[in-house]
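First the structure, in the form of structure tokens, and then the observations on it.
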Amino acid sequence: MSGLLIAIIGAGAAAILAGIGSAIGVQMGGKAAAGVLSEKPELFGKVLILQALPGTQGIYGFIVAVLVFIGIGVLGGTPENLTTDQGWQYFGACMPIAIVGLISAVLQARTAVSAIHMTAKQPDSSARGITMVALVETYAILALLVSILMVLGLNQGLSA
Amino acid sequence: MIIPMKKAQIVVLKEDKDKLLESLQKSEVLMLVSSSEKELNVDLSFEHETLKRTEESLQVIKEFREKPKFVREEFVVDYDNFVSDNPRRLELLDLIEANNARIGELNLENENLNSEISFYQPWETLNVKLNELDLPKYAVVHTGFVLNHNLDNLCEHITSMGGDYRALSTSARESALIFACFVDDDKELMDYVKTVGFVEVNFDRLEASPAEIIESKKAKINENLKEIEKLTSELKAYSLEADELLVLSDKLASDVELKTAPVEETYSAVYLLGWVRSDQVEKLEKTIKKTTSDYDLEILDPAEDEVVPTATKNNKFVSAFEPITNMFSIPSINDVDPNPVMGFWYWMIFGMMMGDAGYGIMMVFLMRFLIKAMKPKGSTYKMYKMLFYGGFATILWGILFNSYFGYTLGEIVEFVSGMKIEVLFKPIVLNPTVDIVQYLVLSMVIGGLHLISGYLVKAYADMKDGRFVDAILDNFAWIFLLSGLGLIFVPSEILNKVGMALAITAVAMIVLTHGRKSKNIFAKLGGGLYSLYNSVNVFSDILSYSRILALSLSSAIIGMVMNILAEMVGGGKTVIGIFFAIIIYIIGHIFNLVMGLLSAYVHDSRLQYIEFFGKFYEGGGVEFKPLSMSLKHIDKIEKVEI
């Protein structure tokens, strides 16, 4: 397998897995939110934020994928000639956000669903719910940082 | 700043009660509390009933009212008008309700008429008055429906038995049939027609033909429609007075506030107990004096264990950030108001997370416009205001990062004027997408400073309560440790040594003194070591600020990707290409701005709640809500004399 292909699979995995996680997560939040809104439509703004929170992982995966594309020249139309080793390096760099993004989005969504139910009963505590949900995201952010740092390091190595 | 509270006890004569409560509601100075366990027993059925009726009537005339303009006009009412109990308001309610009920009746009647018409429709060509169907002495007339495929069969049979028939109308499935036969044959024929599925229809024997009946019912429908039109135009006229109903709604809600105000009554006097801001005591006394001269007012300090409501007084900038704190927990009267320090950091970190001057400008204009257009009240207004200020922080950091909608100033200048000015391509501080390691350090330095300011607030609070030893040993130990470790990484030998000394002092302070509250010497040491172990938490707090980098980076990269996409599409310089490029620019950057705002709001709040408030803030207070008018529709009441 050419290194370029492996790198692209890695970048794809970051966007795909994290995107799937976020899609599942936002869907779970949306279902809970719709249930709450059927009784209390005035809470739309509050539950919308909670529903949107598990959506960020997909964006993180997307960012890492784009960074890889920039590095390996896919975006500019002149792909680099990567060795198999380099390809696997990019692949590895994509894995943190791919895996953590997938899982943390789903787990964050479960917290978001609980927080949405809590908001339905006590609209004033929505900020606490947001905080609890955001706590889960910390680990997606750390994985994103790890992926970004690795990809940027590899990009610099390539352009040097 | 948290304003100290005073407790006010007021005694007035019973006949002055209503007047006093009204002026208290006007001046909004006193938060009444119940002085006994006894539940208030007031009859609010009129208010609730009328409120419901008002909302329903407003709903009825909603379709006739002018569509709210994009920029809403402020709804201002004079106080005298507000409290006037204008009888026209209740009258309007009756009129609208009567009209609406009548329209409903007429519509229902028309519906029934229509279904009756469709009942007679198949028989429209029957040119006989219905009561004439019974006239023949030796024949029986039947009317009814038969399925089309049985029609021929049936007709044949009728003819064969000497009867006569006429098919009056045919639908796709069945035909309306009238037939007659001799009285003697009737039973036999009826037995047969049932086997071919004939369904008999019995008419009321009216003195009119089906066509005449249909005609008269149609006339009735038209008459009803005319009445509906008249009633609707009346409703339209009433809708011009909708403002009266809006005032009524707010007046009723305010009356409920008045009636539910906890007041103790005796035979001839009433006793009010409540909280007043210490800077408004005079205003309270003035308010009471204006209503009656026979009163007794006593101002007390709150007792030790009492739940005292909290009122904060901050400048415009800081008060915009109050909802952030209040969503976490309202400050208690014993807290130091966290808002001034928190507001500044929230503002600063928000700007870093957004980090683009273009987005900042959009935020400033958008929020300014929204405040103008929607005229929000209360905490919504403060939220908009907070995002408005946040826009300036975003502009500031955008300039420092040299990021304008994902472009550097140099790129924009080159595009517009063709000049290539080298300096404008370089960021002032750093470029988030390139100098990532530097940005990570910057995030953590900001985090360290944020935490240090948290410990300083705690130290201030401790000193205010007279616990000087705690203030120094507990808080400054951590401040020394954080700043010492920070200094170690500064590339300067002297500062490194200072940092090292600070850090060692801090560790010694922590191990030796943080167990001081235990009695046993081993427990003292153990407590100190445990506290040192807690430094792990402090460092994980600092690492948590790396989210500033992550969010800033993700916002910057998405902006960059949108620009790359737009350039790819518009690169050919064709009209269509440029058109789509502009669409990508607009939609892409609006999407990025919205996602960025959501993330920045959530994660900036989190940094305040978990990392910052965790160091000093307790909260758990009750909001100071003085007796006031409850305004849902009215923006402002003018000419209130206090």
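Every number in this text was worked out from the coordinates using simple rules, so none of it is lab data. What you see is a predicted model, and the numbers here were worked out from it, not measured in a lab. Every residue, glycine as well, gets a Cβ built from its backbone with ideal geometry; the counts of neighbours run over all protein chains shown.
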(message) In chain A, if the dipole is taken from +1 on Lys/Arg beta carbons and -1 on Asp/Glu beta carbons about the Cα centre, which of A:HIS117, A:LEU67, A:LEU102 is farthest to the positive end?
(response) A:HIS117
(message) As I understand it, the dipole of chain B uses +1 on the Cβ of Lys and Arg and -1 on the Cβ of Asp and Glu, about the Cα centre. Which of B:ASN114, B:ALA471, B:VAL622 lies farthest toward its positive end?
(response) B:ALA471
(message) Going by Cα centres, the range B:420-442 and the range B:232-282 are how many Å apart?
(response) 58
(request) Enumerate the whole-percent occupancy of each 10 Å bin, from 0 to the last occupied one, for all C-alpha pair distances of chain B. (result) 3, 10, 13, 14, 13, 12, 10, 8, 7, 5, 3, 1, 0, 0
(request) Measure out, as a whole number of angstrom, how far apart the alpha-carbon centroids of the range B:139-178 and the range B:478-502 sit. (result) 109
(message) If the elastic network links every pair of Cα atoms under 10 Å, which of A:GLY21, A:GLY129, A:GLY35 fluctuates the most in the Gaussian network model of chain A?
(response) A:GLY35
(request) Return the inverse of the average 1/r over all pairs of distinct C-alpha atoms in the range B:283-355, which is the Kirkwood hydrodynamic radius, in Å to one decimal. (result) 15.5
(message) At 15 angstrom or more along the helix axis (alpha-carbon based) and mean Kyte-Doolittle of -1.0 or higher, what helices does chain A contain? Whole DSSP H runs only.
(response) A:3-39, A:56-72, A:84-121, A:126-159
(request) Compute the long axis of helix B:378-401 from its Cα atoms, compare it with the longest principal axis of the Cα atoms of chain B, and write down the angle in degrees, 0 to 90, nearest 10. (result) 60
(request) Would you calculate the volume per residue, in Å³, of the smallest convex hull containing every Cα atom of the range B:78-213? (result) 163
(request) May I ask you to compute the full-extension gain from B:ASP243 to B:PHE369, defined as 0.36 nm times their residue separation minus their alpha-carbon distance, rounded to one decimal in nm? (result) 42.9 nm
(message) Please arrange B:LEU58, B:LEU284, B:LEU206 by how many other C-beta atoms lie within 10 Å of their C-beta, fewest to most.
(response) B:LEU206, B:LEU58, B:LEU284
(message) Taking the Cα centroid of the range B:52-96 and of the range A:60-115, what is the distance between the two, rounded to the nearest whole Å?
(response) 57
(message) Largest first, please: the extent of the C-alpha atoms of the range B:195-325 along each principal axis, to the nearest Å.
(response) 95, 46, 41
(request) Order by neighbour count: A:LEU152, B:LEU549, fewest other Cβ atoms within 10 Å first, most last. (result) A:LEU152, B:LEU549
(message) Test of understanding: given chain B, find the longest segment containing no GluC sites (Glu not before Pro) that are in a DSSP loop and have at most 10 other Cβ atoms within 10 Å.
(response) B:305-640
(message) With an 8 Å Cα cut-off and a minimum separation of 6 or more residues, compute the relative contact order for chain B in percent.
(response) 23
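May I ask you to list the trypsin sites (Lys or Arg not before Pro) in the range B:39-110 that are in a DSSP loop and have at most 11 other Cβ atoms within 10 Å of their Cβ?
Those satisfying the criteria are B:LYS69.
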(request) Would you be so kind as to identify which of B:CYS181, B:ASN202, B:VAL141 lies farthest towards the positive end of the dipole of the range B:134-202, taking Lys and Arg as +1 and Asp and Glu as -1 on Cβ and the Cα centre as origin? (result) B:ASN202
(request) Please go through the residue pairs B:LYS69/B:LYS382; B:LYS286/B:LYS632; B:LYS290/B:LYS632; B:LYS251/B:LYS377 and name each one whose alpha carbons sit more than 26 Å apart in this structure. (result) B:LYS286/B:LYS632; B:LYS290/B:LYS632
(message) If you filter the range B:373-478 for trypsin sites (Lys or Arg not before Pro), then keep DSSP loop positions with at most 14 other Cβ within 10 Å, what is left?
(response) B:LYS377, B:LYS420, B:ARG467
(request) Loop sites only, by DSSP: take the chymotrypsin sites (Phe, Trp or Tyr not before Pro) in chain B that have at most 12 other C-beta atoms within 10 Å and name the longest stretch containing none of them. (result) B:268-488
(request) Compute the acute angle (0 to 90°) between the alpha-carbon long axis of helix B:281-291 and the principal axis of greatest extent of the alpha-carbon atoms of chain B; round to the nearest 10°. (result) 40
(request) Please find the FRET efficiency linking A:VAL146 to B:ASN127, where r is the Cβ-Cβ separation and R0 is fixed at 60 Å, and quote it to the nearest 0.05. (result) 0.05
(request) Quick one: grab the alpha carbon gyration tensor of the range B:488-642, order the square roots of its eigenvalues as a ≥ b ≥ c, and give me rounded if a/c is under 1.5, else prolate or oblate depending on whether a/b is larger than b/c. (result) oblate
(request) Mind jotting down the three principal axis lengths of the range A:77-127 based on Cα atoms? Whole angstrom, largest first. (result) 58, 22, 12
(request) As a check on your grasp of the helix formula, calculate [θ] at 222 nm for chain A: sum -39500 (n - 2.57) over DSSP H runs of n ≥ 4, divide by the residue count, round to the nearest 500. (result) -30000 deg cm²/dmol
(request) Calculate the radius of gyration of the Cα atoms of the range B:16-169 to one decimal place, then report Dmax, the largest Cα-Cα distance, as a whole number, both in Å. (result) 33.6, 99
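Please report the projected area of the range B:134-202's Cα convex hull averaged over all directions, in nm².
4.3
With N set to the residue count of the protein assembly as shown, report its C-alpha Rg divided by 2.2 N^0.38 Å to two decimal places. List each step's numbers first, then the result.
Numbers: Rg = 38.7 Å, N = 802, 2.2 N^0.38 = 27.9 Å.
Ratio of Rg to 2.2 N^0.38 Å for the protein assembly as shown: 1.39.
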(request) Express the relative contact order of chain A as a whole percentage, based on alpha carbon pairs under 8 Å and six or more residues apart in sequence. (result) 36
(request) Kindly flag which residue pairs out of B:LYS52/B:LYS220; A:LYS31/B:LYS615; B:LYS236/B:LYS375; A:LYS121/B:LYS26 have an alpha-carbon separation exceeding 31 Å in this structure. (result) B:LYS52/B:LYS220; A:LYS31/B:LYS615; A:LYS121/B:LYS26
(request) Give the long-range amide H neighbours of B:GLU618: residues separated by 5 or more places, or on another chain, with amide H under 5 Å away, using H modelled in the peptide plane at 1.01 Å from N. (result) none
(message) Can you give me the distance in nm between label points at B:THR266 and B:SER171, each placed 7 Å from the Cα along the Cα-to-Cβ direction?
(response) 8.1
(message) Treating only the Cβ of Lys, Arg, Asp and Glu as charged (+1, +1, -1, -1), what charge dipole size does the range B:134-202 show about its Cα centre? Round to the nearest 20 debye.
(response) 200
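Calculate for chain B the 222 nm mean residue ellipticity that helices alone would give, adding -39,500 (n - 2.57) per DSSP H run of length 4 or more and normalising by residue count, nearest 500 deg cm²/dmol.
That calculation yields -19500 deg cm²/dmol at 222 nm.
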(request) List the lysines whose Cα lies under 25 Å from the Cα of B:LYS420, skipping any in the same chain that are fewer than 8 positions away. (result) B:LYS573
(message) Using only the Cα atoms of the range A:62-160, what semi-axes does the equivalent ellipsoid have when each is the square root of 5 times a gyration tensor eigenvalue? Give whole Å, largest first.
(response) 38, 11, 10
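Rounding to the nearest 20 debye, state how big the charge dipole of the protein assembly as shown is about its Cα centre with +1 on each Lys and Arg Cβ and -1 on each Asp and Glu Cβ.
On the way: 69 positive and 93 negative charges, 814 e Å.
Magnitude of the dipole: close to 3900 debye.
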(message) Compute, for the range B:211-266, the length of the dipole vector about the Cα centre, with Cβ point charges of +1 (Lys, Arg) and -1 (Asp, Glu) only. Units Debye, rounded to 20.
(response) 520
(message) Quick check: convex hull of the Cα atoms in the range B:316-615, volume per residue, rounded to a whole Å³?
(response) 147
